[in-house]
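Reading through the structure tokens given below for one structure.
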Amino acid sequence: MTVARTNAQAQIDLHRKLAPRYAYRYSFEFSRLFQQDWHAEMISHVPASAGEILDIGCGTGFFLAELEEKHPGSVGLDISHEMLKVSDEYVPGARLVTGDAEKMPFRDRRFDAVFCKGSLHHTRDHVGFLANCKRLLREDGVLIMSEPCNDNPIIRVARKLLYKKSQHFDEGDEGFTKKGILRLCDEAGFEVTRVKKYGVLAYTFAGFPDHLGVLRFVPGSALLTRLFIRIDRMLCAIPGLSLLGFHVVVVGKPRG
Ligand SMILES: C[S@@+](CC[C@H](N)C(=O)[O-])C[C@H]1O[C@@H](n2cnc3c(N)ncnc32)[C@H](O)[C@@H]1O
């Protein structure tokens, strides 16, 4: 008899393979510049008074390290022990917890801010995941997410193919539409206070040298990345062109 593998186990197996790739991904000046801009965009939504902060799906900890600089004592949760082992080296002293975000091993109303950068789409019960985030947040807490966005049909098809064909993705993972993720937030009891697209050129060319490494060979790649980041910011602010964005950043607060 074959026993169906759970999604949790599939994610643990996948990220065991991926952990070394993340160190490579962040090892170039241009890719770090891009990720730092993305992180700064997300961290800018943390209220100044925030104390306890959780990063769900913290992975190898590159985001957590930047969060730690501004908000020491943040907690990182990840289902993959292999990913957390890299975090442990990268953010020594960080509070790291191995656990499943669909079960969330924390007491209610513990956190002032909960981050989720690219982990929601790895789970299967999205409303359940978000409802757990709501449960963990204090009344005036804030959820800050960035997830793959498939509003653009070309991006949708390209992602579907990549997730299906590449061994570096799980076929069951899927991006969201902006409308879809807003509906999930609503169903889970969040009032969305901000939503914006993020990442076009810099995301494509600087974000993931482990997938597309062309900038490694281009002189002035850091300068070019800074230019891409500026162009992306303009594109994502223009309603029709924001369709080009690869991610959607959503900020929400628990409703009543
Ligand atoms: C795309 S990676 C993002 C890592 C990190 N946030 C970053 O931006 O570099 C997704 C992370 O979510 C974690 N993950 C997937 N499913 C999870 C679950 N159910 N609970 C906790 N973490 C999970 C994976 O192990 C992986 O580290």
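The values are calculated or read from the model by the stated rules, or taken from the named source; none is laboratory data. It should be emphasised that the depicted structure is a prediction, and the values quoted were computed from it without experimental measurement. No Cβ is skipped: glycine too gets one built from the backbone with ideal geometry, and neighbour counts run over all protein chains shown. Just the protein is used for accessible areas: all its heavy atoms, side chains included, with ligands, DNA and RNA removed. Shrake-Rupley method; radii C 1.70, N 1.55, O 1.52, S 1.80 Å.
Mind putting a number on the dipole of the chain about its Cα centre? Charges go on the C-beta only, +1 for Lys and Arg and -1 for Asp and Glu, and I need it in Debye to the nearest 20. Present the calculation step by step, with values, prior to reporting the outcome.
Details: 35 positive and 31 negative charges, 114 e Å.
Here the size comes out at about 540 debye.
Using every Cα-Cα pair within the chain, state what percent have a distance larger than 26 Å.
Numbers: 12369 of 32640 pairs.
It works out to 38 percent of all Cα pairs.
Once neighbouring chains are kept in place and the probe is 1.4 Å, which whole percent of the accessible area of the chain is contributed by carbon and sulfur?
Whole-percent figure for carbon plus sulfur exposure: 57.
Taking θ = phi - 60°, what integer Hz values does the Karplus form 6.51 cos²θ - 1.76 cosθ + 1.60 yield along segment 56-71, in sequence order, with x for Gly and Pro?
My calculation for segment 56-71 gives 8, x, 5, x, 7, x, 5, 5, 4, 4, 6, 5, 4, 4, 8, 10 Hz in order.
How many percent of the alpha carbon pairs in segment 174-256 exceed a separation of 20 Å?
Values: 1532 of 3403 pairs.
Looking at segment 174-256, the distances longer than 20 Å represent 45 percent of pairs.
Please compare each pair in K103/K253; K103/K160; K17/K134; K85/K253 to a cut-off of 25 Å on the Cα-Cα distance and tell me which ones are over it.
Flagged as over cut-off: K103/K160; K17/K134; K85/K253.
Using only the alpha carbons, work out the radius of gyration and Dmax of segment 55-155 in angstrom.
Both quantities, over Cα of segment 55-155: 13.6, 43 Å.
Compute the whole-percent fraction of alpha carbon pairs in segment 114-184 spaced more than 18 Å apart.
42 percent
Please compute the Kirkwood hydrodynamic radius of segment 16-96 from all pairs of different C-alpha atoms, in Å with one decimal.
One decimal place: 12.9 Å for the Kirkwood radius.
Two decimals, Cα atoms only, Kirkwood Rh: what is Rg/Rh over segment 116-256?
Ratio value, two decimals: 1.00.
Helix-only estimate, please: 222 nm mean residue ellipticity of the chain, summing -39500 (n - 2.57) across DSSP H runs of length 4 or more and dividing by its residues, to the nearest 500.
When only DSSP H runs of four or more count, the value is -13500 deg cm²/dmol.
How many angstrom separate the Cα center of segment 117-145 from the Cα center of segment 202-256?
Distance between centres, Cα-based: 23 Å.
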